[in-house]
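Visitor: Sharing a structure, written as structure tokens. Questions coming.
No lab work stands behind these numbers, since they all come straight from the coordinates. Computed from a prediction, not measured in an experiment: that's the story for all the values here. In this analysis, Cβ positions are derived from the backbone assuming ideal geometry, glycine residues included, and neighbour counts consider all displayed protein chains.
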Amino acid sequence: MSFARGLTEPINPAVQEFKTPERSLFYRISILLVAIFILSTGKAVFAWPLGSTQVVFAVFSPIIIALSLLTVDYRSIPVVQFSAACAVVLVYLSILMPVRQFDSGSLSFLMPLLIAPIILMRSKHIRRILDVIALLVAISSVSALAVFLVNLVGFDLPWVRLGQNFRFNPNDYYRLYPGSLVLSTQIWEVGPIKIIRTSGLFREPGHMAMISWGILVANGMDLSRRRYKLTLVGGLLTMSPAFFGLAIVFALLKFFGSRRERLRIIIAVPLLAALGAGFVFIAPEALYERIVGNNLSLFLQGGMDEVLNERSRGDFDDFYPLLSFSDRLFGIGIGAFAGSGFEDTSVSDYRGFIVMFGIRSLLALAGLMLFLGLRSNSNQQLAMSLVFFCVLALHRSWMMTSMWFPLFLAFGAILAFHEERRPGTSLNPVS
């Protein structure tokens, strides 16, 4: 058989099936490693031994590049993926490029180039990556639920003490259970029992809460599969006020969405109200104040300004007025506080983002979120992305520069565009 004939002859179906990348061990391992990489950008426990962003970049870049060469047909990239990848790269390069006064020489600004090949993959590969991420978080959620229930009846499961060197109090430590972490400051004793806020796979309960919600947003808030239900359970076990707030918004969207969802919510609301009342009356005072009472009293005293001030440490009230309009517009860099002589100062809401990256970067992220939400052709996807963006800006703005955030927004837009979603059923990929 001539070479030219070999090129033009149809491929044997059996050979074509054998060469399908989904059936190879390399493909499956690569999907798992990419999922671990994405969670690592959210400071998951996987990344702790790796240390710096440069090491994470060096370890995972060959895997991502190899997987993209295996799965991306660069001659016919779907328009949604191509536009999403271009938008994410352009916006994040403009934000992370180290050109401001107190920026460091870190290679972290190259991370958007590393995640672009992931966004360019076809939707079936993105679906597999998201499913593996959800599975890892769901396994951690099962562990967290077991730890919570066992401690609630006065017992405990085996754990290992894990030190840390990145919190303000060096005496803080973690209980490392099989599959989940618990921070030592997130355990409250009530007589013989303990109430525990889980950190899941991450440094703090708030990190677990926001990343869990990001996974649900990327999945279009579809809870028909068990791993996504368990991801929701894991988020609830963090007892994060922000997570509960997002859950309320989601319930409202579902309530006005379809009659079937409305009936489920009507049944669920009294149960949730009873659980909430039980928490208020049974929870230790310190836990109640930490989660509800402190924020509520601050809001009643001085509105949202008082709540936001609680998210700052050190002399931020003295530092912020020193910034000029130009400083606030363009930001003064990641090392802004230390470089300005305010080493013990920090703030986690949008003001901290403005100090480091500027108002123009915050607006650029808002534009990216709207662009991706509109590309999804789903009003619910757009609404949940908008609410999620606002909560992160008010709660943990630094997370918006972690690569899991644009990836989950892009995944949500791509999967909503390519998959047919019916209420109460599984997702059906069409490309």
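Visitor: What is the spin-label model distance, in nm, from Ala66 to Phe168 if the labels are put 7 Å beyond Cα along the C-beta direction?
Guide: Computed distance between label sites Ala66 and Phe168 equals 4.4 nm.
Visitor: Hey, another quick one. Counting only C-alpha contacts under 8 Å and six or more residues apart, can you give the relative contact order of segment 112-215 as a whole percent?
Guide: That works out to 23 percent.
Visitor: For segment 176-217 and segment 347-396, what is the separation of their C-alpha centers, rounded to whole Å?
Guide: First find each Cα centre; the distance between them is then 25 Å.
Visitor: Can you put Leu130, Leu394 in order, fewest other beta carbons within 10 Å first?
Guide: Taking fewest neighbouring Cβ atoms as first place, the list is Leu394, Leu130.
Visitor: Now for a separate question. In which sequence would Tyr74, Tyr228 go, from the one with the fewest C-beta neighbours within 10 Å to the one with the most? It would help to have the intermediate numbers written out before the result.
Guide: Working: Tyr74 10, Tyr228 23.
Ranking Tyr74, Tyr228 by Cβ neighbours within 10 Å, fewest first, gives Tyr74, Tyr228.
Visitor: Quick one: Thr185, Thr53, fewest Cβ neighbours within 10 Å first, how do they rank?
Guide: Thr185, Thr53
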